[in-house]
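What follows is a set of notes on a single structure, which appears directly below.
The values are calculated or read from the model by the stated rules, or taken from the named source; none is laboratory data. This is a predicted model, so every value here is computed, not measured. Glycine gets a Cβ as well: all are built from the backbone with ideal geometry, and neighbour counts include every protein chain shown. Ligands, DNA and RNA are stripped out before the accessible areas are found, and what is left, the full protein with its side chains, is counted by its heavy atoms. Shrake-Rupley method; radii C 1.70, N 1.55, O 1.52, S 1.80 Å.
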Amino acid sequence: MRTIVIGSRKSQLALVQTYWVQAELQKLHPDRTFSIETMTTQGDNILDVALAKIGDKGLFTKELESAMLAGTTDLAVHSLKDLPTKLPDGLVLAAITERENPADALVVNAKHQDKQLETLPEGSVVGTSSLRRLAQLRHHFPHLTFKDVRGNLNTRLRKLDDGEYDALILAVAGLQRLNMGDRIQQIIPPEISLHAVGQGALGIECRSDDQEVIDLLSGLIHYPTQQRCLAERAFLRELEGGCQVPIGVSSQINQTSLTLAGLVATLDGTTLIKDQLTGDINQPEAIGRELANKLKQQGAQAILDQITQQFRSA
Ligand code: DPM
């Protein structure tokens, strides 16, 4: 039997996620061998430019995908939110794993130990490179100042603790996977900030003609998470957002129905267009598409057009 080769980025978070998938696969298939091949992606190399300005999709996934298409690796583990909604020909999203808390978290410098977003002093510097977080938090907390921050989690936390920032906004899931859940000061509720599409879940990609690997991965699928994330991804695909548009979501399942809430915002946070839609849990992509079109009619189309134009002329 062939060894199954798993491709992964080298960051600490990517490796933790890949080791977890490897261990789960080993439990499900004790007679098989799963090895790991690490590689650097474009996104890992471009640390000095704001993510939003690079504009390209698939910054953290392209090299992993090329390796699969070349046959050097057989599958790739991604933070689902970093995986573009359109996959290259020849690849499929074979499994979406059980989601952790998809919310964002506030992490603070020690001098703000008793503070929350609303009580941070006027002008506090909050680090984030996410336009989604920026737009929503600017809207709700105009007393705060926002500043770009790049680098992996440890780099960011060092800049925070060194005093370059008063606070950071980071995904709860990433902090928890790295055993840094104790740094979470406040879990930001959906009323304040909707999370990114796919946040908190892992997506596992493989070649579409590799039925053997597709079957091996099927045991990792968490159905409720998958249906929620398929709805969220269809919403984003229909908006053709990319990372330069502030787009947020939240989803929940109630027996056989799935409710998706979605938001499109202007970069300055003055306008937030938000709505929700409930449908059949078995038709997640239809819910996502319909909600996107609903928002477009309510003004999201104008925001998308305006942002596209700004980026063209920048
Ligand atoms: C994407 C965004 C960010 C990552 C944009 C967004 C955050 C960038 C930043 C698409 N990917 O969320 O609006 O805040 O500067 C990323 C993280 C995780 C996966 C880290 C984080 C871990 C959580 C997960 C970066 N990708 O969001 O704090 O697996 O969902």
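Considering only the other residues whose Cβ falls under 13 Å of the Cβ of residue 10, what net charge follows from Lys and Arg at +1 and Asp and Glu at -1?
Combined, the nearby Lys, Arg, Asp and Glu give -2.
Can you tell me, using C-alpha contacts under 8 Å and at least 6 residues apart, the relative contact order of region 172-276 as a whole percent?
Reported as a whole number, the value is 21 percent.
When the chain is modelled as a GNM with alpha-carbon springs shorter than 10 Å, which of 195, 222, 29 fluctuates the most?
It is 29.
Would you please state the base-10 log of I(q)/I(0) at q = 0.10, 0.11 1/Å for the chain, with intensities from the Debye formula using one equal scatterer on every alpha carbon?
The computed values of log10 I(q)/I(0) come out as -0.57, -0.69.
Taking the chain as a Gaussian network, where each spring joins two C-alpha atoms under 10 Å apart, which residue of 89, 161, 210 fluctuates the most?
89
In Å², what does the accessible area per residue of the chain work out to with a 1.4 Å probe?
44 Å²
Given the rule -39500 (n - 2.57) for each run of at least 4 DSSP H residues, summed and divided by the residues of the chain, what is its mean residue ellipticity at 222 nm, to the nearest 500 deg cm²/dmol?
The per-residue figure over the chain is -10000 deg cm²/dmol.
For region 223-314, just the Cα set please: Rg and Dmax, both in angstrom.
For region 223-314, the Cα-based Rg and Dmax read 13.4, 47 Å.
Normalised by the number of residues in region 104-187, what is the relative contact order in percent for Cα pairs under 8 Å and 6+ residues apart?
Contact order relative to length: 48 percent.
For the cross-link pairs 115/159; 62/111; 111/147; 81/294; 111/274; 10/147, which exceed 30 Å when the distance is taken from alpha carbon to alpha carbon?
Among 115/159; 62/111; 111/147; 81/294; 111/274; 10/147, the Cα-Cα distance tops 30 Å for 62/111; 111/274.
Once you've got the GNM for the chain with C-alpha springs shorter than 10 Å, pick whichever of 16, 107, 149 has the biggest mean-square fluctuation.
Between 16, 107, 149, it is 16 that shows the largest mean-square fluctuation.
Before anything else, pin down the relative contact order of the chain: Cα pairs under 8 Å, at least 6 apart, normalised by residue count, whole percent.
That works out to 20 percent.
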